[in-house]
1. Which far-off residues, 5 or more places away or on another chain, put their amide H under 5 Å from the one on GLU254, with H placed in the peptide plane?
2. Calculate, for LEU336 and THR268, the FRET efficiency according to 1/(1 + (r/R0)^6) with r their C-beta to C-beta distance and R0 51 Å; round to the nearest 0.05.
3. What's the extension gain from TRP284 to GLU24 if we count 0.36 nm per residue and subtract their Cα-Cα distance?
4. Along Cα→Cβ, 7 Å out, is where each label goes; now give me the distance between the ones at GLU309 and ARG38 in nm to one decimal.
5. Report, by chain and number, residues whose modeled amide H sits under 5 Å from the one on LEU189, excluding near sequence neighbours (fewer than 5 apart, same chain).
6. Under the Karplus relation 6.51 cos²θ - 1.76 cosθ + 1.60, θ = phi - 60°, what is the ordered set of whole-Hz ³J(HN,Hα) values for the stretch 284-290, x standing for Gly and Pro?
7. Explain nothing, just compute: Karplus ³J(HN,Hα) = 6.51 cos²θ - 1.76 cosθ + 1.60, θ = phi - 60°, for every residue of the stretch 157-163 in order, whole Hz, x for Gly and Pro.
8. Return, for the Cα atoms of the stretch 279-335, the radius of gyration and Dmax in Å, separated by a comma.
Amino acid sequence: MESNRFTLGIVEKNLAGGALLSGEQRTLLERLLHGDPRALARAISLVENDAPQAAAILSACFPHTGGALRIGITGAPGAGKSTLVDRLARQFLAAERKVGVVAVDPTSPFTGGAILGDRIRFQERHNDPDFYARSMATRGSLGGLALATADVALLIEASGKDVLLIETVGVGQDEIEIARLADITLVVLVPGMGDDVQSLKAGVMEIADIFVVNKSDRDGADRVEQEIRALQSLAQVHGDWTPPVVRTIATTGEGIERLAASIAEMETWLRCENRLADRRAEHWQRRLDAMVRAELMRRARRNGLSEEELRRHAARIASGGEDPWQLVSQLAKEVLKEK
């Protein structure tokens, strides 16, 4: 796949909704698709801020995607996910793969931005053309991911990266959203932190393609692994793939090669019998549903449905003065311009 090659003809052919990009925006796309990190950063900012040209940029980049492996890393706060991501990035770079990282951080209650910002630990690879990292704020979204995470991952892939590491914020059991974006999902557990397997709900257990017992030099690592294996009957969605349990000590790099080998093994399994295509089709089915809902809300707001008006409707419904089902039907007709 030649994801970093670019022609203006492809861009013009794939613009969303017939939108036209300015000469400056086409230049931005050309630079992005040739791997320019500054252009990529600018495009990501446009998408995160839901700029008017964001959909056209994403549409133009879409033909340059589909070949990268997306690896989600999720788990409770303090499990060492960021250090694990750093070690995995080094491992893939050493194997001559081009790596992109999307790290979703908690939102600052004061600035609205990511509390950690761009990860300091990635600064040593700041000038590496084969590596790009972006921190994102959740901005209040649930599920451990920012709303624009999937779009940001698409842009990073279009810039030429063939492995994407997507780290969730670490909010616990709502993190099943990562399974709707990643090809392979790692669930990271740590002994002795109160997040033992018995305390996890089936949803979190079922999304794991690979279990990682990090900080495995701590007491209790054996018990965590035993509990995982005892509960693996929950993971019915994996067919004949049994999620392996890999012990790591991310701070020293111990176990990272074994983890990379498990990822490679699963990648091979996914690419057989059309499994990867089926998994991505399920992802797009869910994503299209979310995209349609988001577009309907955009149109509703363009047609005058403001937050203030929604609050007024909500107050009338709460007091029994308005029927929510009739209201929603009427709003939908207005958005779709039905008679």
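Rule-based calculations on the coordinates, nothing more; no lab input. Everything numeric in this text was worked out from a predicted model, so none of it was measured. Using ideal geometry, Cβ is built from the backbone for each residue, glycine included, and neighbour counts are taken over all protein chains shown.
1. For GLU254, the qualifying residues are ILE249.
2. It comes to 0.65.
3. Working: separation 260, 0.36 × 260 = 93.60 nm, distance 3.07 nm.
Value of the extension gain: 90.5 nm.
4. 4.3 nm
5. HN-HN under 5 Å from LEU189: VAL212, VAL213, ASN214.
6. With the stated coefficients, the stretch 284-290 comes to 5, 4, 5, 5, 4, 4, 5 Hz.
7. 5, 4, 6, x, 7, 10, 9
8. 14.4, 45
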